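So the structure is just underneath, and the comments pick up after that.
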Amino acid sequence: MKAPHWFLILAGVLALSAVALWFIRPGVAPKPEETQQAPAPVLVPAEPVPDPEPVAPETTPAAPSALEGYADPAKLAQRIVAALESGDVSSFERLLGDSRLNEASREAIRDLLATKPKLAKKGIREVGELELNKRVRWMIELEDGRCLTLDLLKEGGLWSVEKFVLPSRDGKDAQESPNDSLAVADAFLQSVLDQRFEIARKHVDPKSVSDAKIAGLCILFEEGMYLLRKSKPLRSMLKKPDLAGYLANIEAADGSQDASVAITLRGSGNPAKWLVSEINLDRLLADYARRVAGGDVYYSPLVKNPSGGDTLALYFDFDEDEVNPRSQRQLEIVAKILCADPSKKITLSGHTDALGTRNYNDDLSGRRAAVVRDLLIKSGVSAQQIVTLAKGSSQPRRPNVTEGGVDNPDGRKVNRRTEIYLDF
């Protein structure tokens, strides 16, 4: 049976419409349920992320935390000084290490910065190594005599504060001052640099370090115009529970650094009391001879006494009994030592070279001892403290003639002397 004509036309139109929609639709229409809002995804809590540190302007970069460390310990010490002088409590605490501060420490810090401390002339200085290339001590000296001690530790190539000692407002340390071998070695050398013989003497073992050696070291530093080197002044060479050794690096007035002093200390008791037990001056004496004594290593202010121990020596020109300006300065140091304790006595022995008769040399050596005695008395030393001896040419330090019997002027030069034996 044939379909009506109009039905065939309608079927064709619908077919054409379906084909057209197939090519021009952008996509399949969503299902009814897909038009609704999708549920929010479930999030798994992550580790908390701290807020980023605020970035300071490029012209004033923020100081990193002490816990982050510094590649240069001097930079860390300088940052602490800057915070101290500016009164910046938060930066000062951060540089010392916030995590290590208790309430007492924080209060001491606030008290310290409230006084608006000013640096002393020496200001900030490196004391030396507590442990070779790992631990180092710095000291911040204040104008009022107080000081802040910083022990810095190197870990992972960076330096941070390991320990510190704060000064109190009354001038006494709020914490116990360091009393380890490094502190004693530094105190001894600082006393020598300042020509404070009596204080230096308190830091040595008198059984092994003579007063003459201390006085000689004072004279060497004074005449040679020596200073401790600013960088690594004391290097740790030996570290044991009861024994420590340091190499004191010495800097001359011209900036060269050829001199050094080896210092050994021994500790005893609990807590250990450290004392300087040995001082090796060989390299310092060699440098002194080159700079001051015209290259003559024997022309030294510190010599070995034939009876044992160390002796100070003052030298005279040929056939002279007058003290030169250099020797006068050395005598000023000796006079200070004797005036500090009138109970101390010294022995002065005069000496000559081998030229001249025995009687003449005996008389000349006596006059050389007497002129030194008179200068000491003039400086305030009591005559009862001084014993004089005339040795003539009987105790030469060097040969007056060579092995071939030829005159030896260099040898005779160091034989013309007065020796000062500090037999305390």
Links that overshoot a 29 Å alpha carbon limit, given the list Lys122/Lys336; Lys232/Lys413; Lys240/Lys345: Lys232/Lys413; Lys240/Lys345
Cα gyration tensor, the stretch 249-408 - rounded (a/c under 1.5), prolate or oblate: oblate
With DNA, RNA and ligands ignored, accessible area of Glu103 (1.4 Å probe; Å², nearest 10): 110 Å²
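Quick one: length gained pulling Arg196 to Ser99 fully straight, 0.36 nm per residue minus the C-alpha distance? Could the numbers behind the result be given before it?
Numbers: separation 97, 0.36 × 97 = 34.92 nm, distance 4.08 nm.
Gain on extension, Arg196 to Ser99, equals 30.8 nm.
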Global geometry of the stretch 213-267, whether rounded, prolate or oblate, following the gyration tensor of its Cα atoms and the 1.5 cut on a/c: oblate
Area of Glu155 that stays accessible when all protein chains are in place (1.4 Å probe, Å², to 10): 120 Å²
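Which FRET efficiency, nearest 0.05, do Met237 and Gln78 yield, Cβ-Cβ r, R0 25 Å?
Numbers: r = 27 Å, r/R0 = 1.09.
For Met237 and Gln78, the calculated efficiency is 0.35.
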Where labels lie 7 Å past Cα in the beta-carbon direction, separation of Asn280 and Val387 in nm: 3.4 nm
3J(HN,Hα) from dihedral phi, the stretch 266-274, Karplus parametrisation 6.51/-1.76/1.60, rounded to Hz, x for glycine, proline: 10, x, 9, x, 9, x, 5, 9, 9
Leu119 long-range amide H proximity, modeled H, under 5 Å: Glu143
R0 of 35 Å, Cβ-Cβ distance Thr115-Arg290: FRET efficiency to nearest 0.05: 0.15
Selected from Ala286, Ala262, Trp274, residue furthest toward positive end of dipole (the stretch 225-294; charges at beta carbon): Trp274
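Which order do the peptides 284-291, 112-119 take when ranked by the mean count of other beta-carbon atoms within 10 Å per residue, highest first? All intermediate terms of the calculation are to be shown ahead of the outcome.
Details: 284-291: 19.6, 112-119: 14.6.
The most tightly packed comes first, giving 284-291, 112-119.
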For the stretch 358-370, 3J(HN,Hα) per residue [Karplus equation, 6.51 cos²θ - 1.76 cosθ + 1.60, θ = phi - 60°, Hz, x = Gly/Pro]: 4, 4, 5, 5, 4, 5, 5, 5, x, 5, 5, 5, 5
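The values are calculated or read from the model by the stated rules, or taken from the named source; none is laboratory data. Keep in mind it's a predicted model, so treat the numbers as computed, not measured. Note: ideal-geometry Cβ built from the backbone for every residue, glycine included; neighbour counts use all protein chains shown. These area figures cover heavy atoms from the full protein model, side chains too; ligands, DNA and RNA do not enter into them. Shrake-Rupley method; radii C 1.70, N 1.55, O 1.52, S 1.80 Å.
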